[in-house]
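Since the structure comes first, as structure tokens, the remarks are kept for the end.
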Amino acid sequence: MKVLVTVKRVVDYNVKVRVKPDNSDVDIEHSKMSPNPFDEIAIEEAVRLKEKGIATEVVAVSCGKEIAQDVLRTAMALGADRAILVKTDIELQPLAVAKLLRAVVEQEKPDLIIMGKQAIDDDANQTGQMLAALLNWPQATFASEIIAEGNGTLTVAREIDGGSETLSLTLPALVTADLRLNEPRFASLPKIMQARKKPIETIEAESLGIDINPRIKTIKVNEPPERKAGIKVGSVGALIQKLKEEAKVL
Amino acid sequence: MSSPILVIAEHNGKKISPSTLRTLSAASQLAQSLNVGIDLLLLSNAEQKPVLQEQAVKFESVARVIALSGEHLGVALAESWAKEIVAVVKEFNASHILAAASAQGKNILPRVAALLDVAQVSEVMSIESPTRFVRPIYAGNAWSTVESQQERHVLTIRTTCFEPVSDQRTDAPEMIGITSTAAPWRGTTLVKQDITEGGRPELTNARVVVSGGFAVGSADNFKMLEQLADKLGGAVGASRAAVDAGFIGNDHQIGQTGKVVAPDLYFAVGISGQVQHLAGMKGSKVIVAINKDPDAPIFGVADYGLVGDLFEVIPQLTAQV
């Protein structure tokens, strides 16, 4: 089984982003960048499938600027066999990414695609579902467990509001990873060195003839209204009184 | 005829989710400024239809209820629901398609958007105009105002930002009944569903959330927080540190990579207040922090702070609320 995983280069989750003074965007020019944490979970799951002898090859794909090569190197250090960068300098939105990935899927013909459920920058939570729609494939979003049944089907436990559900999907299929799916490993130094030698194929997005121009325009970006520190209360009794009489939430 | 606003009703086969009432509230803002009606789309199988329809006709602000039934629609599989929704959008020429930004809405709506070739706007927090919306990015650390430059608009609604419409209306909306003729989707089957019924409310929908941090100390000690949550009809959350320490499952994790919650009342118990955690709960209406360390950053965002030992404070609080 061939597995395709996707990786987005995002601001590291430890960075507290600031809005630019002109409110045009967030200021991330000098921020540390990392693979999207949910994508690391997706990579980990694919690598585990390979270690179990279920996956035969793990291919990592990223869409974006040339510099996204660094997250592909990380993906390969974590165990992906090779990588593909769909290169463009255009600001990519989820629908455009889904269209680019569809082109990669048509070329690579994977049996399974595992993606992070969302990226922690735009928090859109769309690309996996959109790609599944464009491919007319089964989807299981927010996966907490993936079992390859060996008969061309996949059993996936997924998180839903108030509990979980289990789906059976016919391959080829697309799964998006939630937090509970696994705990990604750290890349060891030897693996990081090995990953330098693994190949990255670059596809110019322009060469695919797909309209990837943004459909949604950012008008402005603001800091959320600042929460002010409130008051300290001296006792449980005082707290309950405040919650009842002042805040009226009890 | 003018293009209606289409709202997808979310349900579990028996009951339409309260989040639908909040989505309708967002839709009615659009409907008022465009002077158009709201269509509520009810997808179900024939057996579920009567009981759901009975609820839907009482929802304020709905002009028409479109009840579309088919044997394969009893379970909200994204693959089959998305195809039906797209057919309805085209048939009725809806200009805006809305669903709650719940697990169900998030699963289905991007699939609809892609089939319509529309870029979706996720987690709409407020509506500035029929094409301009405010949504959170970077786990709510910034708010982005966006303009959807398209013929149709597909939106998921952050339901905690909109007050629900009434579900007690007495004049009935127009009813449109449709039977699906689409071939059932074969690639996906629901094996089972485990819903914690009658238990605690779901974290992202709960009115009260009681969250614990590393200082809670053990899985056993988390029971103390569960008791407080149960007394208040709330849900239990946790910081990443508490989850990493194995005190509680990571489906309870609140923060940038966990769940984002915005309840009326949030208790942060023994939580220092790291940036990632704050990102997941800053939108709460009232925040209470209980911490031994008077300098904990969590006090900087709390409306009410109580400096003290959580092992003394929590049992007292549980006994007195």
Taking chain A and dividing mean pair separation by its residue count, relative contact order in percent (alpha carbons under 8 Å, at least six apart):
23 percent
Segments A:86-99, A:191-204 sorted - mean Cβ within 10 Å per residue, highest first:
A:86-99, A:191-204
Please express the Cα-Cα pair-distance distribution P(r) of the protein assembly as shown as a list of whole percents, one per 20 Å bin, running from 0 to the bin with the greatest distance.
21, 54, 24, 1
If one puts a single equal scatterer on every Cα of region A:104-250 and applies the Debye formula without solvent, what log₁₀ I(q)/I(0) results at q = 0.10, 0.11, 0.20 Å⁻¹?
-0.65, -0.74, -1.29
What shape does region B:225-318 take by its C-alpha gyration tensor, where a ≥ b ≥ c are the square roots of the eigenvalues and a/c under 1.5 counts as rounded, a/b above b/c as prolate, and the rest as oblate?
rounded
Scalar couplings 3J(HN,Hα) for region A:136-150 by Karplus 6.51 cos²θ - 1.76 cosθ + 1.60 (θ = phi - 60°), nearest whole Hz, x for Gly and Pro, are 6, 9, x, 10, 9, 8, 6, 6, 10, 7, 10, 10, 7, 7, x
Work out the length of the dipole vector of region A:19-73 about its Cα centre, built from +1 on the beta-carbon of each Lys and Arg and -1 on the beta-carbon of each Asp and Glu, and round it to the nearest 20 debye.
240 debye
Beyond 19 Å, the calculated P(r) of region A:117-195 holds a percent of Cα-Cα pairs equal to 48 percent
With 5 Å bins from zero, work out the P(r) of chain A over every alpha carbon pair and list the percent per bin.
1, 6, 12, 16, 17, 14, 11, 8, 5, 4, 4, 3, 1, 0
Pairs beyond 24 Å (Cα-Cα), from B:K15/B:K90; A:K228/A:K248; B:K49/B:K231; A:K87/A:K217:
B:K15/B:K90; B:K49/B:K231
What is the set of long-range amide H partners of B:V124 at a cut-off below 5 Å, with H atoms built 1.01 Å from backbone N?
B:T156, B:I157, B:R158
First obtain the Kirkwood hydrodynamic radius of region A:195-250 from its Cα pairs, then insert it into the Stokes-Einstein equation at 4 °C and 1.567 mPa s, and state the resulting D in µm² per second as a whole number.
71 µm²/s
Check which residues have an amide H placed less than 5 Å from A:M115's amide H, if you skip close sequence neighbours.
A:V175, A:T176, A:A177
When Cβ neighbours within 10 Å are restricted to other protein chains, what is their mean count per residue of peptide B:20-29?
0
Just tell me, in residue order, which DSSP H segments of chain A are both 15 angstrom or longer along the helix axis (alpha-carbon based) and at least -1.0 in mean Kyte-Doolittle hydropathy.
A:37-51, A:94-108
Just to check, using Stokes-Einstein with a Kirkwood Rh over alpha carbon pairs, what's the diffusion coefficient of region A:81-131 at 10 °C and 1.306 mPa s in µm²/s?
133 µm²/s
Output for region B:1-42 (equivalent-ellipsoid semi-axes, sqrt of 5λ from the C-alpha gyration tensor, Å, descending) is 22, 11, 4
Would you mind checking which residues have amide H under 5 Å from A:I54's amide H? H placed 1.01 Å from N; only 5 or more apart, or other chain.
none
Considering the alpha-carbon set of region B:1-72 alone, what are its Rg and its Dmax in angstrom?
12.1, 37
Taking the Cα centre of chain B as the origin, how large is its charge dipole in debye, to the nearest 20, when only Lys and Arg (+1) and Asp and Glu (-1) carry charge on their Cβ atoms?
320 debye
Chain B: DSSP helices with Cα axial extent of at least 18 Å and average Kyte-Doolittle hydropathy no lower than 0.5:
B:103-116
For A:K232, give me every one of the aspartates and glutamates with a C-alpha distance below 20 angstrom, ignoring sequence neighbours fewer than eight places off in its own chain.
A:E245, A:E246, B:D264, B:D293, B:D295, B:D303, B:D309, B:E312
For peptide A:207-217, the mean count of other chain Cβ atoms within 10 Å per residue Cβ is 3
Give me B:Y304, B:Y138, B:Y266 sorted ascending by neighbouring Cβ count inside 10 Å, so fewest comes first.
B:Y304, B:Y138, B:Y266
From the Cα centre of region B:1-35 to that of region B:86-117, the distance in Å is 12 Å
Here the Cα Rg-to-2.2 N^0.38 Å ratio for region A:1-92 is 1.22
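Laboratory data are not the source of any read-out in this text; all were calculated from the coordinates shown. The model shown is predicted, which means the values in this text are computed figures rather than measured ones. Cβ: placed from backbone, ideal geometry, glycine included. Neighbour counts: every protein chain shown.
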